[in-house]
Number of protein chains: 2
Amino acid sequence: MDNVKELHTPSRTIMTPGPVEVDPRVLRVMSTPILGQFDPAFTEIMNETMTLLRSLFQTENEWAYPIDGTSRSGLEAVLASVIEPGDVMLVPVFGRFGHLLIEIGQRYGAEVHTMECEWGTVFKQDDIIAEMHQVKPKIVAMVHGETSTGRIQPLEKIGEACRALDALFIVDAVATIGGVEVKVDEWKIDAAIGGSQKCLSVPSGMSPITYNERVADVVQSRKKVEKGIATQDELQKQVDISPIKSNYFDLSQLQDYWSPRRLNHHTEATTMLYALREGVRLVLEEGLKERFQRHLFHEKALMAGLEAMGLELFGDPDCKMPVVTCIVIPNDIDGEAVRADLLHHFGIEIASSFGPLAGRIWRIGSMGYSCRKENILFVLAGLEAILMKYGAAINCGAGLQAALSIYEQAE
Amino acid sequence: MDNVKELHTPSRTIMTPGPVEVDPRVLRVMSTPILGQFDPAFTEIMNETMTLLRSLFQTENEWAYPIDGTSRSGLEAVLASVIEPGDVMLVPVFGRFGHLLIEIGQRYGAEVHTMECEWGTVFKQDDIIAEMHQVKPKIVAMVHGETSTGRIQPLEKIGEACRALDALFIVDAVATIGGVEVKVDEWKIDAAIGGSQKCLSVPSGMSPITYNERVADVVQSRKKVEKGIATQDELQKQVDISPIKSNYFDLSQLQDYWSPRRLNHHTEATTMLYALREGVRLVLEEGLKERFQRHLFHEKALMAGLEAMGLELFGDPDCKMPVVTCIVIPNDIDGEAVRADLLHHFGIEIASSFGPLAGRIWRIGSMGYSCRKENILFVLAGLEAILMKYGAAINCGAGLQAALSIYEQAE
């Protein structure tokens with residue numbers, strides 16, 4: 001293997017809607033020697049992480065722990081553990097990641113009903129509630145912050161309506177957790193799934209989730225433990241159940257692993273847990289309110305800069321996601337060429353989009369550790385230079401002046 | 001969150017059959033700033049990792065990449081992608097992890113046939129082949145190195161027999177990859193699953209797999225891509241298929257992510273990939289043959305020390321796994337008290353076992369970076385001291401002398 005050398009990576013300014021730059025303090029803890037999974041020093045770290053996650057999700061739920069996998073592993077773990085074949089599931093879709101919820105739901109045998117709105121907008125909550133009364137779902141699953149369109153869906157009325165209809169309310173908060181308010185208890189969210197690699201500024205590879213007793217009851221009713229480690233009592237109980245289809249994503253076993261019983265399900269991803277614990281600890285050290293405020297502040301500077309440059313922002317401003325800013329690609333400009341040049345010359349990464357928006361918009365993330373002044377200014381500077389190179393009609397110099405003005409006003 | 005402080009972990013000597021100590025060079029790369037998942041510098045790292053994994057698995061397979069999850073995520077990804085409901089699957093069981101294969105197989109709807117042998121022994125390959133002729137499985141799945149009993153199953157004849165019966169041969173090499181020979185092509189293994197946290201000395205959280213065209217054909221025939229990102233052509237083709245039940249573990253999508261198409265399935269677990277790449281690079285830098293030899297050498301010193309101390313080794317010596325050594329807990333000794341004292345006083349972790357062997361044996365791993373002289377000597381010293389404390393009849397001093405003698409002979 002002479003041709004595979006020591007790891008050597010270029011320096012990048014990552015301004016996509018995830019993954020984003022990892023906080024250097026998180027990177028540092030990832031060099032910590034590992035502990036065995038049942039070492040009391042390690043189970044203490046597991047417990048501390050659960051405590052931190054409860055604060056992050058603003059919940060009193062007993063269950064708040066990570067799934068060992070990327071963000072969609074958290075989505076699949078919750079859906080797989082809740083959906084029994086034939087269950088009616090309602091998914092309001094306002095972008096790409098709504099389709100992922102449908103996809104996972106269908107694979108696990110749900111009868112999925114969808115409602116869609118134009119990409120770039122979100123739903124009126126009353127429209128969703130009206131649809132729930134028609135469809136009578138067992139599960140309502142939806143995205144909170146849809147990075148594909150840069151929109152955020154208000155949710156505070158949906159959970160209450162779900163309780164009234166005895167439906168479970170499951171929220172994909174992958175892109176919002178740690179960046180904007182996600183009030184699990186106040187909004188009566190039954191299960192929420194977060195992502196590590198966005199506003200938490202932890203590498204991808206772990207998905208924190210939380211769920212309440214309504215979900216835990218469903219999960220518990222489907223409990224099945226493998227023969228090699230089950231107790232006799234457990235083997236007798238699990239004859240007539242509809243077991244969760246996945247072993248890896250079986251929350252009934254996972255919660256036993258994350259409880260004092262310490263069921264030997266898997267070997268916890270030690271270093272990723274160190275990283276998640278540190279990432280969430282830093283979020284709480286900054287303060288949730290202060291952190292959300294910081295995201296709004298840099299968003300303001302970024303938007304002011306882009307608009308002063310003469311660029312048009314995409315989507316309904318009333319439901320703009322504070323941590324993702326979408327830009328309409330100007331006429332006659334090749335969006336992919338601009339992105340490639342930004343990376344090549346400036347080491348700056350911004351994103352394109354998916355499906356109907358592919359080639360139509362750019363997306364700039366301002367999440368977590370990436371959401372800071374020098375990054376906002378650098379992406380404005382780089383974008384202006386590359387757009388000028390391609391002959392776009394922009395107001396030279398105005399973007400940075402507008403952003404600087406916002407930053408200096410705040411000093 | 002005043003009560004959750006900066007991460008601070010005690011120093012440990014980890015001598016379990018996994019997770020084991022991470023190579024310090026692997027820990028170091030985990031502090032590397034991340035790259036975006038579609039950054040050409042990152043996709044190059046993905047490609048390099050595939051190249052390294054092919055060498056590790058001793059295969060020419062096109063497909064060799066990690067699943068983003070712990071080792072059982074690799075097992076589940078392969079089984080979920082191959083098993084269609086009603087498929088006949090044969091699982092020869094010689095320890096706990098055989099039951100896990102049954103468990104996963106049943107959850108995905110396989111009709112699982114098992115054969116069992118006493119824990120501490122393995123099967124004659126001809127007995128497995130005879131059973132295959134009876135059962136006519138579509139899939140034969142088995143463990144290579146069973147850490148629960150410390151036994152290793154010879155496999156070199158099974159793959160050939162599977163081809164003759166048109167069955168797929170799937171091998172759990174989680175505990176053996178990088179520590180003992182796993183010859184995927186020569187043994188005609190159709191899919192093999194490795195673990196990161198054992199002989200590779202990488203943290204848990206990533207499971208490298210490889211599979212050949214026989215498996216890829218099954219996977220491809222079940223391909224389904226979510227609507228948000230599928231092409232029209234793909235949407236038309238996927239009407240009459242039996243889709244893979246899991247989205248996260250869908251190898252048909254994962255292989256598109258790991259190919260030049262770069263289908264946007266998940267966000268690759270950046271830092272874990274850095275770690276896996278470095279871990280496998282170091283394995284190959286040491287040399288597979290040399291590394292396997294090193295594991296045998298330290299095993300010899302460990303066994304000599306334990307036997308000279310007067311302890312009885314558990315299980316059939318003809319099929320002993322070189323990287324796991326099982327010890328019969330002496331009469332009147334509380335195995336858990338000894339383990340607790342080893343951890344408390346020496347910071348040494350050894351393992352107990354499962355099911356019928358719980359409380360009957362200890363298990364000492366000598367894997368990867370943990371498999372080195374000072375660790376072998378330290379575990380012998382610590383074990384002797386704690387056994388003396390509990391009044392066990394051991395030959396004081398003899399264990400270390402026997403091990404030292406082997407180390408000095410080799411100098």
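The values are calculated or read from the model by the stated rules, or taken from the named source; none is laboratory data. Everything numeric here is computed off the predicted structure, so don't read it as measured data. Using ideal geometry, Cβ is built from the backbone for each residue, glycine included, and neighbour counts are taken over all protein chains shown. Side chains included, ligands, DNA and RNA excluded: accessible areas come from the protein's heavy atoms. Shrake-Rupley method; radii C 1.70, N 1.55, O 1.52, S 1.80 Å.
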- Task: Using only the alpha carbons, work out the radius of gyration and Dmax of region B:22-284 in angstrom.
- Result: 18.0, 55
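Share of the protein assembly as shown's accessible area from carbon and sulfur, percent, 1.4 Å? Let's see the in-between values first.
Values: 13790 of 27850 Å².
It is 50 percent, rounded to a whole number.
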- Spin-label pair A:A337/B:K124, simplified geometry with 7 Å Cα→Cβ offset, distance in nm: 7.3
- Would you pull out the residues with amide H under 5 Å of B:F169's amide H, same chain only if 5 or more places away, H placed 1.01 Å from N? B:V140, B:D190, B:A191
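If you filter region B:1-76 for trypsin sites (Lys or Arg not before Pro), then keep DSSP loop positions with at most 14 other Cβ within 10 Å, what is left?
B:K5
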- For A:283-289, mean number of other protein chain Cβ atoms within 10 Å: 1
- How many partner chain Cβ atoms sit within 10 Å of a residue's Cβ in peptide A:8-16, on average, as a whole number? 5
- Query: What net charge do the residues around B:K188 carry, taking every other residue with its C-beta under 10 Å from that of B:K188, with Lys and Arg at +1 and Asp and Glu at -1?
  - Reply: -1
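Dividing the convex hull volume of the alpha carbon atoms of region B:33-121 by its residue count, what do you get in Å³ per residue?
Numbers: hull volume 13.4 nm³, N = 89.
Dividing the Cα hull volume of region B:33-121 by its residue count gives 151 Å³.
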- Query: Near the amide H of A:R151, under 5 Å away, which other amide H atoms are found, from residues 5 or more places off or on another chain, if H is placed in the peptide plane?
  - Reply: A:E146, A:M321
- Query: Volume per residue, Å³, of the convex hull around the alpha-carbon atoms of region A:186-324?
  - Reply: 167
- Query: In the structure displayed, which of A:K138/B:K136; B:K136/B:K245; B:K5/B:K245; A:K183/A:K373; A:K157/A:K300 lie more than 30 Å apart, Cα to Cα?
  - Reply: A:K138/B:K136; B:K5/B:K245
- The aspartates and glutamates whose Cα lies under 18 Å from the Cα of B:K237, excluding any fewer than 8 residues away in the same chain, are A:E103, B:D217, B:E226, B:D250, B:D256
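Give, in nm to one decimal, the length gained when the segment between B:Q236 and B:E116 is fully stretched (0.36 nm per residue of separation minus the Cα-Cα distance).
Working: separation 120, 0.36 × 120 = 43.20 nm, distance 4.49 nm.
That pair, B:Q236 and B:E116, stretches by 38.7 nm at full extension.
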- Can you list, shortest first and in nm, the gaps between the label point of A:G86 and those of its counterparts in the other copies, using a point 7 Å from Cα in the C-beta direction? 2.0
- Message: If you average the alpha carbon positions of region B:384-411 and of region A:137-214, how far apart do those two centres end up, in angstrom?
- Response: 57
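Once every DSSP H run of n ≥ 4 in the protein assembly as shown is given -39500 (n - 2.57) and the sum is divided by its residues, what mean residue ellipticity at 222 nm do you get, rounded to the nearest 500 deg cm²/dmol? All intermediate terms of the calculation are to be shown ahead of the outcome.
Values: 28 runs with 325 residues, N = 822.
Helices in the protein assembly as shown give a 222 nm mean residue ellipticity of -12000 deg cm²/dmol.
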- Give, to the nearest whole percent, the P(r) tail of the protein assembly as shown beyond 34 angstrom, counting all Cα pairs. 50
- Task: Among the GluC sites (Glu not before Pro) in region B:49-87, which ones are in a DSSP loop with at most 12 other Cβ atoms within 10 Å of the Cβ? Mind listing them?
- Result: B:E60
- Item | Position A:K183, label points 7 Å along Cα→Cβ, spacing to each other copy in nm (shortest first, one decimal) | 6.6
- Could you give the distance between the Cα centres of region B:309-339 and region A:61-76, to the whole Å? 37
- What size of dipole, in debye to the nearest 20, comes out for region B:148-265 about its Cα centre when the only charges are +1 on Lys and Arg C-beta atoms and -1 on Asp and Glu C-beta atoms? 260
- Roughly how crowded by other chains is peptide B:240-250, in terms of the mean Cβ count from those chains within 10 Å of each of its Cβ atoms? 5
- Pop the C-beta distance of A:A393 and A:H345 into the FRET formula with R0 = 22 Å and round what comes out to the nearest 0.05. 0.55
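Please compute the net charge surrounding A:G347, taking Lys and Arg as +1 and Asp and Glu as -1 over other residues with Cβ under 15 Å from its Cβ.
Details: positive: A:R12, A:R339; negative: A:E21, A:D341, A:E349, A:E374, B:D39.
Here the count lands on -3.
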- Query: Out of residues 5 or more away from A:V93 or on other chains, whose amide H comes under 5 Å of its own, with H placed 1.01 Å from N in the peptide plane?
  - Reply: A:M115, A:E116, A:C117
- Query: Can you list, shortest first and in nm, the gaps between the label point of A:A381 and those of its counterparts in the other copies, using a point 7 Å from Cα in the C-beta direction?
  - Reply: 5.6
- Message: I need the phi-derived Karplus couplings for region B:54-66: 6.51 cos²θ - 1.76 cosθ + 1.60, θ = phi - 60°, integer Hz, Gly and Pro marked x.
- Response: 4, 5, 4, 7, 6, 9, 9, 3, 5, 9, 7, 7, x
- Taking θ as phi - 60°, what are the ³J(HN,Hα) couplings along region A:406-411 by the Karplus curve (6.51, -1.76, 1.60), each to the nearest whole Hz, with x for Gly and Pro? 5, 5, 6, 4, 7, 7
- Column: log10 I(q)/I(0), Debye, Cα scatterers of region B:135-215, q = 0.16, 0.20, 0.27 Å⁻¹: -0.57, -0.86, -1.33
- Task: Per residue of region B:273-282, in order, report the coupling 6.51 cos²θ - 1.76 cosθ + 1.60 (Karplus, θ = phi - 60°) as ³J(HN,Hα) in whole Hz, putting x for Gly and Pro.
- Result: 5, 3, 5, 5, 4, 5, x, 6, 4, 5
- Semi-axes a, b, c in Å (a largest) for region B:11-51, each sqrt of 5 times a Cα gyration tensor eigenvalue, come to 29, 13, 7
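Kirkwood Rh over alpha-carbon pairs of region B:258-391, then Stokes-Einstein at 10 °C and 1.306 mPa s: what D in µm² s⁻¹, rounded to an integer?
Values: Rh = 17.1 Å.
For these conditions, the coefficient is 93 µm²/s.
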- Distance in nm between A:K5 and A:Y407 label points, each 7 Å along Cα→Cβ, equals 3.4
- Item | Radius 11 Å from Cβ of B:P137, net charge of other residues (Lys, Arg +1; Asp, Glu -1) | -2
